[in-house]
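Every read-out reported here was derived from the displayed coordinates using simple, explicitly stated rules and does not represent laboratory data. Just so it is clear, the structure is predicted and the values come from calculations on it, not from any experiment. As a convention, Cβ positions derive from the backbone with ideal geometry for all residues, glycine included, and neighbour counts pool all protein chains shown.
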Amino acid sequence: MSTALDLVCERTALYMDTLDWRAAAHFNPVDATSNPFIVSMNLEEAHNMVFVDDAAKYAKAKGGSLEEQVTLAVLKTMVNLGTAAKPHLSGRVHTQLDARLAYSTDAMVAQTLQLVEMYKEAGLDKSQIAFKIPTTFQGVQACRILERDHGVCCNMTVLFCLQQAALSAEAGASYVSPYLNLLGRVDGDPATGLANAQQIREYYDAHGIKTIVLGASFRTAEEVELMSQVADAVTVSPPMLEELKIKAPSKLPALPKIQVPSIGSFLDNEGAYQWSMTIDERSSIGLLEGLRFFAAYNEKLDVLLRSKLQAL
Ligand SMILES: O=C(CO)[C@@H](O)[C@H](O)[C@H](O)[C@H](O)COP(=O)(O)O
């Protein structure tokens, strides 16, 4: 008899929300996605500490001030995790930029290009990697530059609504990651998250947009099943995959008919875009809370690598 996981995999591509190579070796997903919270969790596994130690030594050898070494060591830790996971994936490793850069296009482009070089040094080329960029107006401009001028695949994240997805597609994003829930909250509103993802799906189909819709942020296994009806791919944590593997498939309600509004061009109209976000309460709260949530884990990674560097 088919399990819930079998049916999810029939409907959509399966990605994993982890950079842990052991979990990747167990499930062999297409892509592996990450964020600073996920990286922090991965580093609680003893077998991944080797990547931190190597990163600290790497940054120390490059020299510079302690804070420059900390920044480099955090990036190298993510590159080490991603490089170890890649042999177990048929697709790409996704690395998320530092959330604290979310309002600086130049800094996001520079950090992405630095990561591309570090992956290259570790043996992975551009066809094997992607970068998660927060869907602020500045983040989308960074995506536009990276996709158009550097052939780097971007995955627009911390994304809650059609406006963000339409703007990302205009900028040529390879992926958008609509979140089903709000980050760090248990009182999410998955029905609204699903309706937003469905709107994005229908809008992309109606406009012939090829950007991959990658569903993210699930609290229950059933939410993954629901999202697999509308997304090209879903990214799922290892414990939830274990749950889906033994779960009987849910009877999914038929998707409701929804209205897909027309969206004007935002790419060169920051004012109109920012206003459309301001009047969308759930998305503007989701974006700000998401950035704060990720930045707290960026800081935690800094603290870990600073202490490793100081001990060398
Ligand atoms: O956006 C992507 C994939 O592109 C995910 O890695 C995304 O960051 C994560 O699914 C979420 O942050 C996880 O959120 P939550 O389930 O902890 O609320």
message: Show me the chymotrypsin sites (Phe, Trp or Tyr not before Pro) within the range 58-144 that DSSP assigns to loop and that have at most 14 other Cβ atoms within 10 Å of their Cβ.
response: Y103
message: Relative contact order of the range 13-162, please, whole-number percent, based on alpha carbon pairs below 8 angstrom and at least 6 residues apart.
response: 21
- request: Kindly express, to the nearest 10 degrees and within the range 0 to 90, the angle between helix 49-62's C-alpha long axis and the longest C-alpha principal axis of the chain.
  value: 60
query: If the cut-off is 16 Å between C-alpha atoms, which aspartates and glutamates fall inside it for K126, apart from same-chain ones fewer than 8 positions away?
result: D31, E117, E147, D149
query: Which of the GluC sites (Glu not before Pro) found in the range 14-85 are in a DSSP loop and have at most 11 neighbouring Cβ atoms, other than their own, within 10 Å?
result: E44
message: To make sure I understand, if each residue's beta carbon is the centre and we count other beta carbons within 10 Å, what order do K210, K57, K76, K62 fall in, fewest to most?
response: K210, K62, K57, K76
message: Once R0 is set to 30 Å, what does the formula 1/(1 + (r/R0)^6) return for the Cβ-Cβ distance between V186 and K300, expressed as a FRET efficiency to the nearest 0.05?
response: 0.90
message: Tell me the angle of helix 190-206 to the major Cα principal axis of the chain, expressed in degrees between 0 and 90 and rounded to the nearest ten.
response: 80
Extended-chain gain in nm, criterion 0.36 nm per residue less alpha-carbon gap, D54 and K210: 52.3 nm
field: L244, L75 arranged by Cβ crowding within 10 Å, fewest neighbours leading
entry: L75, L244
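Mind checking the range 248-312 for trypsin sites (Lys or Arg not before Pro) that DSSP puts in a loop (not H, G, I, E or B) and that have at most 16 other Cβ atoms within 10 Å?
Those that pass, being in a loop and sparsely packed, are K251, K257.
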task: Enter the Cα centre distance for the pair the range 270-292 and the range 141-184, rounded to the nearest angstrom.
output: 14
When the convex hull of its Cα atoms is projected in every direction, mean area for the range 180-239 (nm²): 4.1
field: Where N is the number of residues in the chain, Cα Rg divided by 2.2 N^0.38 Å
entry: 0.97
task: Give the span of the range 8-141's Cα atoms along each principal axis, as three whole-Å numbers ordered largest to smallest.
output: 49, 37, 25
- request: Only helical DSSP H runs with n ≥ 4 go in: add -39500 (n - 2.57) per run for the chain, normalise by residue count and round the 222 nm mean residue ellipticity to 500 deg cm²/dmol.
  value: -17000 deg cm²/dmol
- request: Could you work out how far helix 105-121 tilts from the main Cα principal axis of the chain, as a 0 to 90 degree angle to the nearest 10?
  value: 70
- request: Find the all-direction average of the projected area of the Cα convex hull for the range 243-286, expressing the result in square nanometres with one decimal place.
  value: 6.0
- request: Could you tell me which Cys residues in the chain have no other cysteine's Cβ under 4.7 Å from their own Cβ, answering none if every one has a partner?
  value: C9, C153, C161
- prompt: Given a cut-off of under 8 Å on Cα pairs at least six residues apart, what relative contact order in percent is computed for the range 4-311?
  reply: 23
query: Once label points are set 7 Å from the Cα along Cα→Cβ at both T220 and L312, what is their separation, rounded to one decimal in nm?
result: 4.7
